[in-house]
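Written below as structure tokens is the structure these notes are about.
The values are calculated or read from the model by the stated rules, or taken from the named source; none is laboratory data. Bear in mind the structure is a predicted one, so any value in this text is a computation, not a measurement. FYI the Cβ positions are ideal-geometry reconstructions off the backbone, even for glycines, and counts take in every protein chain you see. Protein only, heavy atoms only, side chains kept; ligands, DNA and RNA dropped before computing areas. Shrake-Rupley method; radii C 1.70, N 1.55, O 1.52, S 1.80 Å.
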Amino acid sequence: MSPELAYQKCISPACGATYGVAEVRVACDRCGDLLDVEYDWDRLRPPDSLRYFEQWWGHRRAPTRHSGVWRFHELLPYAAPESLVTVGEGQTLLQQADGVGSYVGLQPGRLHLQYEGMNPSGSFKDNGMSAAFTHARLSGASRAACASTGNTSASLAMYSAVTQLMKAVIFIGSGKISYGKLSQALEYGALTLQIDGDFDDAMARVQEVSRDLGIYLVNSVNPFRLEGQKTIMLRVLESLDWEPPDWIVVPGGNLGNSSAFGKAFAELARLGLISRVPRLAVINAAGADTLSELYNRRGLRWNGGQVGGSLVADYYRQLDAQHRKASTIASAIEINRPVNLRKCLRALDFCNGVVRQVTDQDILDAKARVGAGGFGCEPASAASVAGAKLLVREGVIGPDERVVCILTGHQLKDPTATVAYHTADREHFQQALGSRGVERAEFANYAIAVPNDLDRIIQAIEQDR
């Protein structure tokens, strides 16, 4: 099949099979590997400078230019402008955060937080969902499905409800979703199926159901999801006057973001739109550390596409034999079998990346410091800040380097963890967090109990001066 201006291509260099851009598939028919969305850049003739995109800042009444995804349409041009689906996603903020930077160990002006919790559904997922819905619309899909720890389901349900283009079908594991996220899926009218198992079980079932019933799958194994998530990096560059930072630090769950970021920088470098590539740090939670285990302790690498499949298979068999499930307070990254593992390895290779893991204690402490800086985030988001702190302590990141940490989701996605960390009720603390190895709340902001008496209330306020 001769490629068109946009097409799908197997990521395995030994295979390289191509498929039409309108086809719905999540893996290569020939070898079973993951797919990329690729472009004939010579014929498309993209902008010769990233500053080209500044001209669209004033076009606020044009829905696709208002979108923080489709404002960069020329760098993900797989669909015509009239086919693009948007609900105003991607109006997110890169915030210099010196207070958090001091906690991390960076000099003033060197830490930035990319706050994706400002998206319509409250997480970064809207970037990819807008792109996936655009492709689903092209394919004529009437139903879309996902397995989710919460954020994907909220985003899918929202896009389905707002656009009325298709019915959402959501698979969640038993007890593996926060009420903040579950409430979104239910309120938006999605068909929600809670199966007896964890996310990895739900992911296996949703792929089977989508294949058998012809339902469009929107998990990040879908290559079009990652096209939308590329734009997070474009907005980071935009906020930094198109100058790449030294480091991008991102939580690692299903590894879609890290994979998308690597693809974004590879394309920008190929097109001559950036002069250098940032380093990438992917941060696992210690209770869901598949990438860290395989990368740091078992030596798994991209190796030009010759990934050691036996290393992965052996580790997964070990997980099964030990009945070991992912377990972390950071539910959004509570995943043992990341579907984008191979793409992430490729991104780490291209971006000279590193992988680390942090404990739930580290995550909640970092989360409290982010919140004290005015940008509340869900626990998984704070893994990036905890990871940056660890890398500074190790000397991998220098205190004068410019670092961007990705905050993937809003604080209200998981208020239970937040309230438990800041409570003075030790029984509540132990019940919610102690079982996960969290022993202290060093940065807790306790509510003060006072009698209904004006003098005592004034006394409590004055003591806090």
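See the values below:
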read-out	value
Where Rh is the Kirkwood radius over Cα pairs, Rg/Rh for segment 225-379	0.98
Label-point gap, in nm, between residue 394 and residue 143 - each point 7 angstrom along Cα→Cβ	4.5
Largest-first principal axis extents of the Cα set of segment 186-279 (Å)	48, 24, 23
Highest-first arrangement of 391-401, 67-77, 237-247, 151-161, where packing means the average Cβ count within 10 Å	151-161, 67-77, 237-247, 391-401
Cα-Cα separations in segment 13-64 greater than 18 Å, expressed as whole percent	57
Point-to-point label distance, residue 446-residue 186, nm (Cα→Cβ direction, 7 Å offset)	3.3
Calculated [θ] (222 nm, deg cm²/dmol) that DSSP helices of n ≥ 4 give over the chain, each run adding -39,500 (n - 2.57)	-11500 deg cm²/dmol
5 angstrom amide H check on residue 353, placed H, neighbours 5+ away	280
Sequence ranges 279-291, 446-458, 191-203, ranked by mean other-Cβ count within 10 angstrom, highest first	279-291, 191-203, 446-458
Proximal charge balance of residue 276 [Cβ under 11 Å; K/R count +1, D/E count -1]	-1
For the chain, accessible area per residue (1.4 Å probe, heavy atoms of protein chains only), Å²	40
With all protein chains modelled, accessible area of residue 216 [1.4 Å, Å²]	10
Assigned charges on the beta-carbon of Lys, Arg, Asp, Glu; segment 345-465 dipole about Cα centre (debye)	360
Whole-Hz couplings from phi, Karplus 6.51/-1.76/1.60, listed for segment 105-113; x for Gly and Pro	x, 9, 5, x, x, 9, 9, 10, 10
Surface/4 of the Cα convex hull for segment 317-447, nm²	9.7
Rg ratio (alpha-carbon, reference 2.2 N^0.38 Å) - segment 57-191	1.19
Along principal axes, Cα extents of the chain, largest first, whole Å	79, 50, 46
Cβ-defined net charge surrounding residue 63, 13 Å radius [Lys, Arg +1; Asp, Glu -1]	+2
Relative contact order (%) - criterion: Cα under 8 Å, at least six apart; region: the chain	16
Prolate/oblate/rounded call for segment 310-366, Cα gyration tensor, a/c under 1.5 rounded	oblate
Accessible area of segment 1-77 belonging to carbon and sulfur atoms, whole % at 1.4 Å probe	49
Cross-link pairs beyond the 21 Å C-alpha cut-off, checked among 125/167; 263/325; 263/367	263/325; 263/367
Heavy-atom accessible surface of segment 146-208: percent carbon and sulfur, 1.4 Å	52
Using a Förster distance of 35 Å, the FRET efficiency for residue 42-residue 91 (Cβ separation, nearest 0.05)	0.60
FRET efficiency, residue 324 to residue 161 (Cβ-Cβ, R0 30 Å, nearest 0.05)	0.25
Viscosity 0.890 mPa s, temperature 25 °C, Stokes-Einstein D of segment 392-465 from Kirkwood C-alpha radius, µm²/s	153
Lone cysteines, the chain (no partner Cβ under 4.7 Å)	146, 344, 351, 377, 405
Total formal charge among the other residues, if their Cβ is under 14 angstrom from that of residue 97, Lys/Arg +1 and Asp/Glu -1	+4
About the Cα centre, charge dipole magnitude for the chain (Lys/Arg +1, Asp/Glu -1 at Cβ), debye	700
Whole-percent carbon and sulfur share, accessible surface of segment 257-409, 1.4 Å	46
